[in-house]
Amino acid sequence: MSTLRAEIITIGHEVLSGHTLNTNAAEMAQMLDEIGVDVQWVTTCGDVEEHMTQAYTTAWNRADVIISTGGLGPTHDDITRGVFCRMFDRELVMHEEMLANITNLFGRRGRTLTDRNRDQALVPERTQALVNRWGTAPGVYMNEDGRHFFLLPGVPREMRGLMKHEIVPILSELNGMNAIVRRQLHVVGWPESHLMDRIQDIPGLEAVASLPDLRGEVNLRITVARPTHEESNEEVARLESALRERLGTSIYGVDDETLESVVGTLLTDRGWTIATAESCTGGLVSSRITDIPGSSGYFTMGVVAYSNEAKERILGVPAELIREHGAVSEEVARAMAEGVRKVAGTDVGVALTGIMGPDGGTDEKPVGLAWVAVADASGTVTGQINTAWDRVANKRRTSQHALDMVRMRLLGE
């Protein structure tokens, strides 16, 4: 699909040590993906000439586009330009426009321009300087032997500005700018491996990327590049139709839709209200529901009934039910859902009770086990989920399961 293969190289010990998150690489990859440039490699190395030379050489031998970020500042370990010049046998020359930019910037701030600051306007000869309007270090672009090599500062704001206003326009023209159309389908209820088995024989599936989510859903991202938007839209529509035919209501939303926003829309369309009773998730479901603007139109109350006493006193769960079946049981989840629906006077009540870990599990009821119940005027449905993650992930996935049960109940499934 893409005609240009790219490698991103981030420079800096602070990134390797983990003290600075590599957000630059993520942002750059997203911007390149938007114009159909295929990022196939991301490399990180410290401010060591030998390591940088190895990274640049490897990238030169396998990528069409190389974008290096970091190491263009005024400190002793900012050696990127020097490494680049020695590798490609070039001298540094003063870029007068960038020097004027640095001089004006320091003048506005009332600061003295030092030789070290002035040297930031030096760029390798026989390259194109990319004027940095957001800082002091210019970007560098070299087009040689069919490779497009860029050097960018590591300051995120400066990198972002140069990517958007300089590099993206250059690469868009080089890549031919086919009309790229994307659509992302959100799928619940399928492990990724089973999902891919289900759809593996759909023609054109190479345009579909499978992206698992920490909440337990899988995102299917369709990316099509054709000469015209009409052709791209037609192919995206064909693939979406084929995926929906295979997966049905397992696809809950598209693009920016979330499970909680879809549930909110369904409740609004029906004119229904909802209340939550949560034990193991500690209010996460009600928090997600109320993340949606306008949720006050359908969400009335949320109860975090963590103790057995709270389940009994607030939700009316019979004490003998807890003694007989345990707090984490289908029976108690059902009583909680029906109890909160009655207390709140809502159309729907949803309840969750489980063991999120890391302790508290048994052979019969292991960590990650949860029961979910959804009650409405037609009755109560229950479901069990078993997750095997850490405490936070277990809560997140259990909340996802609960919202999906509400969605399916509202759809009449």
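For this structure, a couple of remarks:
- Any hit, the stretch 208-218, residues being outside the structural domain of ASP291 (by TED's automatic domain parsing), among the aliphatic types (A, V, I, L, M), within 25 Å of ILE8 (Cα to Cα) and in contact with a helix residue (DSSP H, G or I) (Cβ under 8 Å, 6 or more places away or on another chain): yes
- Hey, SER261 in contact with a strand residue (DSSP E or B) (Cβ under 9 Å, 6 or more places away or on another chain), of a type in the set (S, T, N, Q) and without any contact (Cβ under 8 Å) to a residue 24 or more places away in the chain or not: no
- Comparison of THR136, THR127 shows that the only residue that is of a type in the set (Ser, Thr, Tyr), closer than 20 Å to LEU72 by Cβ and modelled with pLDDT under 95 is THR136.
- Flag if ASP256 is under 23 Å from the mean Cα position of the chain (by Cα), free of Cβ contacts under 8 Å to residues at least 12 places away in the same chain and either over 30 Å from LYS365 (Cα atoms) or outside the structural domain of SER210 (by TED's automatic domain parsing) (or both): yes
- Conditions (1) charged (D, E, K, R); (2) closer than 25 Å to LYS164 by Cα; (3) at pLDDT below 90: number failed by ARG116: (2)
Conditions tested, residue by residue: (1) in contact with a strand residue (DSSP E or B) (Cβ under 6 Å, 6 or more places away or on another chain); (2) of a type in the set (Phe, Trp, Tyr); (3) in the same structural domain as TRP60 (by TED's automatic domain parsing).
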position: GLY107; (1), (2), (3): no, no, yes
position: THR114; (1), (2), (3): no, no, yes
position: ASP119; (1), (2), (3): no, no, yes
position: THR127; (1), (2), (3): yes, no, yes
position: ALA137; (1), (2), (3): no, no, yes
position: TYR141; (1), (2), (3): yes, yes, yes
position: ASP145; (1), (2), (3): no, no, yes
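- For the stretch 376-393, filtering for residues that are in contact with a strand residue (DSSP E or B) (Cβ under 8 Å, 6 or more places away or on another chain) and either not assigned by TED's automatic domain parsing to the domain that holds MET356 or not in a loop (DSSP other than H, G, I, E, B) (or both) leaves 8.
- Just one of the listed residues (GLY161, GLY154) is within 20 Å of PRO124 (Cβ to Cβ), under 26 Å from the mean Cα position of the chain (by Cα), among the small types (Gly, Ala, Ser) and not assigned by TED's automatic domain parsing to the domain that holds THR228, namely GLY154.
- Selection within the stretch 332-365 - out of contact with any Ser or Thr (no Cβ under 9 Å at 6 or more places or on another chain) and surrounded by fewer than 21 Cβ atoms within 10 Å (Cβ to Cβ): LYS342, VAL343, PRO358, ASP359, GLY360, GLY361, THR362, ASP363, GLU364
- From the options LEU151, LEU220, LEU214, residue that is part of a strand (DSSP E or B) and either closer than 30 Å to ALA388 by Cβ or of a type in the set (Phe, Trp, Tyr) (or both): LEU220
- Where helices (runs of 4 or more DSSP H) fall wholly inside the stretch 46-111, the ranges with 1 or more residues that are surrounded by 14 or more Cβ atoms within 10 Å (Cβ to Cβ) and at pLDDT 95 or above are 49-62, 80-88.
Rundown of residues vs (1) of a type in the set (A, V, I, L, M); (2) out of contact with any Gly (no Cβ under 7 Å at 6 or more places or on another chain); (3) surrounded by fewer than 14 Cβ atoms within 10 Å (Cβ to Cβ), yes/no style:
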| position | (1), (2), (3) |
| --- | --- |
| THR127 | no, yes, no |
| GLY139 | no, yes, no |
| ARG147 | no, yes, no |
| LEU151 | yes, no, no |
| LEU185 | yes, yes, no |
| GLY189 | no, yes, no |
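- Failed item, numbered, when GLN128 is tested on (1) of a type in the set (S, T, N, Q); (2) under 21 Å from MET28 (Cα atoms); (3) in contact with a Ser or Thr (Cβ under 7 Å, 6 or more places away or on another chain): (3)
- GLU7 vs. criteria in contact with a Phe, Trp or Tyr (Cβ under 6 Å, 6 or more places away or on another chain), at pLDDT 95 or above, under 20 Å from ASP64 (Cα atoms) and of a type in the set (Asp, Glu): yes
- One residue stands out in the stretch 28-42 among those that are out of contact with any helix residue (DSSP H, G or I) (no Cβ under 9 Å at 6 or more places or on another chain) and modelled with pLDDT under 95: the one that is surrounded by the fewest Cβ atoms within 10 Å (Cβ to Cβ), namely GLN30.
- The test for being without any contact (Cβ under 8 Å) to a residue 60 or more places away in the chain and out of contact with any helix residue (DSSP H, G or I) (no Cβ under 9 Å at 6 or more places or on another chain) holds for ASP201.
The values are calculated or read from the model by the stated rules, or taken from the named source; none is laboratory data. The shown structure was predicted, so the numbers you read here are calculated from the model rather than taken from an experiment. Positions of Cβ are generated from backbone atoms using ideal geometry, with glycine treated the same way; all protein chains shown enter the neighbour counts.
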